[in-house]
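S.K.: Take a look at the following structure, please.
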Amino acid sequence: MNLPNKLTVLRVIMIPFFVLALMADGGTNPAYRYAAAAIFIVASLTDMLDGKIARKYNLVTNFGKFMDPLADKLLVCSALICMIELGELRAWMVIIIISREFIISGFRLIASDNGVVIAASYWGKWKTTFQMIAVVLLILNVEELSMLTTATVWIALVLTVVSLADYIIKNIGILTEGKM
């Protein structure tokens, strides 16, 4: 297993530790929340790092193509679901975000069956960036940053919808005709 794939697996392994830290003491202990934020940030950075290494050293594998986006979805969705449990995020927002991920995954599966790879768009990359920033701000739960946190969550939500629309518009041929 190459280094990028090991980083992806590490990200998946970090998720339960992140969830345990975030949810410890009902999510009220600042020390545990800081630990959760640190774990989430490190896991998020492995996402950026594994992709750069894979492209730079031509270490792109089928395992990486499959597991990297899955690991990202598991990390972000775990965090967002925990935020619902902690009463810090509305369920409907998380439903929109998770629904988008299922729809895009479905598109990618259909495309893959037709020999087409749908690369991540800039909208998708911005969406992921804002989701990860929003999650960190939600975890830290700093009163003085509440307006920034709220704005970042809304930006992430808008980018989620925009990136979904972008994927559908660019790839509608996959569903309607089975091709691009």
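S.K.: By per-residue mean of other Cβ atoms within 10 Å, what is the highest-first order of 92-98, 60-66?
M.R.: Details: 92-98: 15.9, 60-66: 14.1.
Packing order, densest peptide first, comes out as 92-98, 60-66.
S.K.: Volume per residue, Å³, of the convex hull around the alpha-carbon atoms of region 47-86?
M.R.: That works out to 44 Å³ per residue.
S.K.: Can you give me the accessible area per residue for region 138-180, using a 1.4 Å probe, in Å²? Don't jump to the answer; show the numbers that get you there.
M.R.: Working: 2610 Å² over 43 residues.
Accessible surface, normalised per residue, equals 61 Å².
S.K.: On a straight-distance basis, which aspartates and glutamates could pair with K125 in a cross-link, Cα separation under 17 angstrom, same-chain partners fewer than 8 positions away excluded?
M.R.: Reachable aspartates and glutamates: D47, D50, D68, D72, E101, D166.
S.K.: Across bins of 5 angstrom width beginning at 0, how are the C-alpha pair distances of the chain distributed, in whole percent?
M.R.: Here the calculated profile for the chain is 1, 8, 16, 19, 19, 16, 11, 6, 3, 1, 0.
S.K.: Restrict the search to region 71-180; then list the GluC sites (Glu not before Pro) that DSSP places in a loop and that have at most 11 other Cβ atoms within 10 Å of their Cβ. Walk me through the numbers on the way to the answer.
M.R.: Details: sites: E85, E88, E101, E143, E144, E177; in loops: E88, E177.
Filter output for region 71-180: E177.
S.K.: Now a separate question. Between region 133-160 and region 5-40, what's the alpha-carbon centroid distance in Å?
M.R.: Using only Cα atoms, the two centres lie 18 Å from each other.
S.K.: To continue, here is another question. Would you work out which of I97, L157, G173 lies farthest towards the positive end of the dipole of the chain, given +1 charges on the beta-carbon of Lys and Arg and -1 on that of Asp and Glu, about the Cα centre?
M.R.: G173
S.K.: With the Cα gyration tensor of region 81-128 in hand, give its eigenvalues times 5 under a square root as the equivalent ellipsoid semi-axes, listed largest first in whole angstrom.
M.R.: On the way: eigenvalues 155, 30, 9 Å².
Sorted largest first and rounded, they come to 28, 12, 7 Å.
S.K.: Quick one: pull the percent of accessible area on the chain belonging to carbon and sulfur, 1.4 Å probe, ligands and nucleic acids left out.
M.R.: Roughly 70 percent of what the probe reaches on the chain is carbon or sulfur.
S.K.: What is the extension gain from I103 to E85, computed as 0.36 nm multiplied by their sequence separation minus the C-alpha to C-alpha distance, in nm to one decimal? Walk me through the numbers before you get to the answer.
M.R.: Working: separation 18, 0.36 × 18 = 6.48 nm, distance 2.41 nm.
That works out to 4.1 nm of additional length.
S.K.: Can I ask one more? What ranking do 162-170, 42-50 get when scored by the average of other Cβ atoms within 10 Å per residue, highest first? Kindly include the intermediate steps, with their values, before the conclusion.
M.R.: Details: 162-170: 15.8, 42-50: 18.9.
Packing order, densest peptide first, comes out as 42-50, 162-170.
S.K.: Related question: At 1.4 Å probe size, with every protein chain present, just tell me what the per residue accessible area of region 14-128 comes to in Å².
M.R.: Working: 6520 Å² over 115 residues.
That works out to 57 Å² for each residue.
S.K.: For the chain, set up a Gaussian network in which alpha carbons nearer than 10 Å are linked by springs, and say which option among R90, R100, R11 fluctuates the most.
M.R.: Answer for the Gaussian network model of the chain: R90.
The values are calculated or read from the model by the stated rules, or taken from the named source; none is laboratory data. Given the structure is predicted, the values throughout are model-derived calculations rather than measurements. Note that each Cβ is placed from the backbone with ideal geometry, even for glycine, and that neighbours are counted across all protein chains shown. With ligands, DNA and RNA removed, areas are computed over all heavy atoms of the protein, side chains included. Shrake-Rupley method; radii C 1.70, N 1.55, O 1.52, S 1.80 Å.
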